[in-house]
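J.: Have a look at this one before I ask anything.
The values are calculated or read from the model by the stated rules, or taken from the named source; none is laboratory data. Note that this is a predicted model, so its numbers are computed, not measured. Neighbour counts run over all protein chains shown; Cβ positions are idealised from the backbone, glycine included. Side chains included, ligands, DNA and RNA excluded: accessible areas come from the protein's heavy atoms. Shrake-Rupley method; radii C 1.70, N 1.55, O 1.52, S 1.80 Å.
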Amino acid sequence: MTATDDVAISSAATTAAFPTGYLDPIHLSIPGFISSIKMLDPERFRSQLGWDESAVLPEAMPTRWADIGGLMQFNSKADQAYTAKFVFYKMPLALSADNLTNFLTDRYPTLLRRVCLMFASEERKEFDSMDRHEIKAMSLIEDIKKESDMGMRGLEADFGWEGND
């Protein structure tokens with residue numbers, strides 16, 4: 001599921017912690033300063049760092065980042081404290097007596113049921129039943145993928161072909 005959270009970037013910081021439940025990034029920005037802080041792969045990110053001869057990063061507003069060592073690594077020491085906005089895929093809260101629903105129970109209850117039956121069949125060593133439930137669950141997942149693609153209609157994707165990053 002997608003979520004939005006604040007990321008505190010302290011003055012002179014070169015790293016920031018990911019929000020709780022973070023799985024994968026979608027978009028990072030600092031409202032009022034920069035509309036998009038580009039994520040780079042670690043090799044490209046590190047090869048573009050502007051270290052001085054003492055391996056110290058310049059002080060500036062972060063404009064690039066990479067996921068290295070479980071932290072957001074920035075291409076500069078922050079010249080002031082910033083509050084970035086981060087859109088990301090987040091681990092949903094586990095179902096419990098206090099949390100009766102999540103996106104699976106709301107959007108895909110049949111899939112959740114099929115997977116639960118599959119695991120129950122496996123536990124009882126009813127492998128023929130387990131295989132049937134797995135086939136049905138995988139079929140539902142394929143249908144969900146198609147439906148998810150339809151949610152992208154009208155999306156304008158930027159593959160970086162127009163600009164020179």
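J.: For segment 76-115, which residues satisfy the criterion of being farther than 23 Å from ASP41 by Cα, of a type in the set (Gly, Ala, Ser) and either open to solvent by less than 40 Å² (accessible area, probe 1.4 Å) or free of Cβ contacts under 8 Å to residues at least 40 places away in the same chain (or both)?
T.: ALA94, SER96, ALA97
J.: Inside segment 41-102, counting only strands (runs of 3 or more DSSP E) that do not spill past its ends, which hold 1 or more residues that are among the β-branched types (Val, Ile, Thr) and closer than 22 Å to ASP24 by Cβ?
T.: Passing ranges, in order: 64-68, 82-90.
J.: Moving to a separate point now. Pairs under 9 Å by beta carbon, first residue without any contact (Cβ under 8 Å) to a residue 24 or more places away in the chain and closer than 22 Å to MET1 by Cβ in segment 126-149, partner of a type in the set (Ser, Thr, Tyr) and surrounded by 15 or more Cβ atoms within 10 Å (Cβ to Cβ), six or more apart or different chains?
T.: Taking only residues 6 or more apart or on different chains, not a single pair turns up.
J.: If I filter segment 48-75 down to residues being surrounded by 12 or more Cβ atoms within 10 Å (Cβ to Cβ) and small (Gly, Ala, Ser), which single residue comes out as farthest from LYS38 (Cα to Cα)?
T.: Per the criteria, the residue is ALA60.
J.: Check THR4, THR20 and return the single one that is surrounded by fewer than 16 Cβ atoms within 10 Å (Cβ to Cβ) and not in a loop (DSSP other than H, G, I, E, B). Give the steps one after another, and end with the answer.
T.: Values: THR20 fails: not in a loop (DSSP other than H, G, I, E, B).
From the options THR4, THR20, the qualifying one is THR4.
J.: Quick check on my filter: what residues within segment 34-47 are open to solvent by 40 Å² or more (accessible area, probe 1.4 Å), touching a strand residue (DSSP E or B) at 6+ places or on another chain (Cβ under 7 Å) and either within 17 Å of ALA84 (Cβ to Cβ) or among the small types (Gly, Ala, Ser) (or both)?
T.: SER35, SER36, LYS38, MET39, listed by residue number.
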